[in-house]
Structures are given as structure tokens and as C-alpha cells.
Amino acid sequence: ALVEQVGPERVLVPFPASALPRAPAARFAALFRQRPRWVMDDLAPYLDGVAEPGQTADELLLKFTRRTQPTADATPVFSAR
């Protein structure tokens, strides 16, 4: 599930990883259709089981996302490549 900000309230939105495609490119496309920007805490549950043998989550992120971090102490944000 995702927590979305709707006006002044935070709403829990069902978004099960099991409903997403297993292929990495298709999964990231579906994730970025749902939300254009992700922080790692929100994105991490959707990365489990997607990497090919020997591939790390960081390698997946490098291949399929663009990481932005306006300042060194800011939380990194991932968007579509």
C-alpha cells in the first residue's frame, strides 16, 4: 500500500507488488505511472524479486531510474529515466 497526500490528509492506497509485472522494465513503467517520483523507503518493497541473478537493487535503479538529490543532505528521489 502507498500513503498519498490528498489535501491536508494522508490516505492509504492499495498498491500490491503482486499486481505488478515481474519484468523490470514493465514494473518500473507501472510504478512511474502510479507516481512520478519515489523515495527509496516507498520504492524498496516493489524491488524485491525483480532483479536477475547476480543483479543488485542499486543496479536496477541505475538502469531504470534517474536519481536526483538537490543537496547532499536531502533525501534522494527516483524518477523515470
Discussion item. Please compute the contact order of the chain in relative form: average sequence separation of alpha-carbon pairs under 8 Å and at least six residues apart, divided by the residue count, as a percent.
Written reply: 27
Discussion item. Explain nothing, just compute: Karplus ³J(HN,Hα) = 6.51 cos²θ - 1.76 cosθ + 1.60, θ = phi - 60°, for every residue of the stretch 29-37 in order, whole Hz, x for Gly and Pro.
Written reply: 4, 5, 4, 6, 6, 6, 8, x, 9
Worksheet item: What are the ³J(HN,Hα) values, in whole Hz, obtained from phi via the Karplus relation 6.51 cos²θ - 1.76 cosθ + 1.60 with θ = phi - 60°, for each residue of the stretch 38-49 in sequence order, with x given for Gly and Pro?
Response: 10, 9, 4, 4, 7, 7, 3, x, 8, 8, 4, x
Item to complete: Could you check how much of the accessible area of the stretch 20-81 is carbon and sulfur, as a whole percent, using a 1.4 Å probe?
Response: 54
Worksheet item: Given only helices, namely DSSP H runs of n ≥ 4 each adding -39500 (n - 2.57), what is the per-residue ellipticity at 222 nm of the chain, to the nearest 500 deg cm²/dmol?
Response: -7500 deg cm²/dmol
Worksheet, complete the sentence: Expressed per residue, the solvent accessible area of the chain in Å² (1.4 Å probe) is about 68
Practice prompt. Taking the Cα centre of the chain as origin, sum charge times position over the Cβ atoms of Lys and Arg (+1) and Asp and Glu (-1), and report the length of that vector in debye to the nearest 20.
Written response: 360
Worksheet item: Accessible area, 1.4 Å probe, largest first: how do THR65, THR75 sort?
Response: THR75, THR65
Item to complete: Convert 4 °C to kelvin, take the viscosity as 1.567 mPa s, use the Kirkwood radius over C-alpha pairs of the chain as Rh, and evaluate the Stokes-Einstein diffusion coefficient in µm²/s, rounded to a whole number.
Response: 96
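The values are calculated or read from the model by the stated rules, or taken from the named source; none is laboratory data. Since this is a predicted model, take the numbers as computed values, not measurements. Note: ideal-geometry Cβ built from the backbone for every residue, glycine included; neighbour counts use all protein chains shown. Surface accessibility is based on the protein's heavy atoms, side chains included, excluding ligands, DNA and RNA. Shrake-Rupley method; radii C 1.70, N 1.55, O 1.52, S 1.80 Å.
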